[in-house]
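Read through the structure below, which is laid out as structure tokens, and then see the notes.
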Amino acid sequence: MVESIALWVLALVSAPLFAGVILKVKAFFGGRKGSPVLIHYYTLQKLFRKGSVYSHSTTFMFRLGPVISLAVAATTLFFLPMAGHRPVISFNGDVIFVLYILGLSRFFTICAAMDTASPFEGMGAAREAYFPIICEASMFMILILFYRLTHLLSFDGYLSGENPLILWKTAGPILIFVVMSLFIILLTENSRVPVDDPATHLELTMIHEVMVLDHSGPDLGLIELGSVLKLFFYSAIIARLIFPFETGVLVLNLILFYTGILVVTTVIGVVESVMARYRMDRVPKFLLTAFSLAFFATIITLEFLR
């Protein structure tokens, strides 16, 4: 238990680093030096030292949104096996619990955006409510596949120890479809290119960024920290699937684990460097790709294991 809590704390501390890696990769492709890898640490420190400004039209919901967002992001890491080690909390059905608290976080973020009475933030909230619906369907399709393979509904049963390697031995190349689907979900849930552009400043084209326009100071810091933790959560799941090896030594497992996350975040940076953001009417088609991959992987697995 002590090791699990220590790994959880390590995840909280290291999460902003990988968001900085994405910026470095994008700067490399743009022929620029770019900001330091530790830029998000500096940004969070600066935001937490400032004061917050609140509109007269907002209520307590506006202040509650960032707190819930960070609390949920930190809570999800309780259920995530770090470097193959057992998570802090685990029970059969925790996958469904995590998916629903992520939905709870989205609900409060949308409420905080709409509480400002800003038409731009309301527009972003509408998009935020619409696009993740397809992601949730894809996640539950992947969950059906994993349940069919393991008869478990827990991250511990999927990602700890040698369980990821057993999944590869059982399902084989079909898991490639799952990894691709999870990567599309990662891009969507974290508002990355080609679904959204975190660097844009045009309200008409933003999704997540337009929802936090009125947040400032510590509130914005909580949102930013919650965002990097959420990015770490999805990246860690993919990292455990692409590096499913178990060495039996915690230090070596940590190196493999963080190497996997580094690979995932580097690929995100490459994608954002070589692709442009899709038009809003094409985003649902892109998200349906994730559902299709998960659906076919599940159907093939059910037929194969019949």
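Here are a few things to note about the model shown:
- Considering only 295, 217, 13, the residue lying farthest towards the positive end of the dipole of the chain is 13, judged by Cα position with unit charges set on Cβ.
- Reducing the range 96-175 and the range 281-306 to their Cα centroids gives an inter-centroid distance of 15 Å.
- Report note on the peptides 58-64, 230-236, 151-157, 251-257: ranked by the mean count of other C-beta atoms within 10 Å, highest first, their order is 230-236, 151-157, 251-257, 58-64.
- Heavy-atom surface analysis with a 1.4 Å probe gives the chain a carbon and sulfur content of 70 percent of its accessible area.
- Solvent-accessible surface of the range 220-261, taken per residue with a 1.4 Å probe and all protein chains present: 33 Å².
- Of all complete DSSP H helices in the chain, those with a Cα span along the helix axis of 18 Å or greater and a mean Kyte-Doolittle hydropathy of 0.5 or more are 2-29, 60-76, 94-114, 119-150, 174-189, 217-242, 250-274, 283-304.
- Distance from the range 57-90 to the range 12-36 (C-alpha centre basis), Å: 24 Å
- Chymotrypsin sites (Phe, Trp or Tyr not before Pro) lying in DSSP loop within the range 72-129, provided at most 12 other Cβ fall within 10 Å: 91
- Overall, the chain carries a charge dipole of about 540 debye about its Cα centre when +1 sits on the Cβ of Lys and Arg and -1 on the Cβ of Asp and Glu, all other atoms neutral.
- Between 133, 235, 163, the Cα set farthest toward the positive side of the dipole of the chain (charges on each charged residue's Cβ, about the Cα centre) is that of 235.
- Calculated from the alpha-carbon coordinates, the chain shows an Rg and a Dmax of 19.0, 61 Å respectively.
- Calculated [θ] (222 nm, deg cm²/dmol) that DSSP helices of n ≥ 4 give over the chain, each run adding -39,500 (n - 2.57): -24000 deg cm²/dmol
- Computed label-point distance, nm, for sites residue 2 and residue 288 using a 7 Å Cα→Cβ extension: 5.5 nm
The values are calculated or read from the model by the stated rules, or taken from the named source; none is laboratory data. Here the structure is a predicted model, which is why all the values come from computation and not from measurement. Every residue, glycine as well, gets a Cβ built from its backbone with ideal geometry; the counts of neighbours run over all protein chains shown. Please note that ligands, DNA and RNA were not included when accessible areas were found on the heavy atoms of the full protein model with its side chains. Shrake-Rupley method; radii C 1.70, N 1.55, O 1.52, S 1.80 Å.
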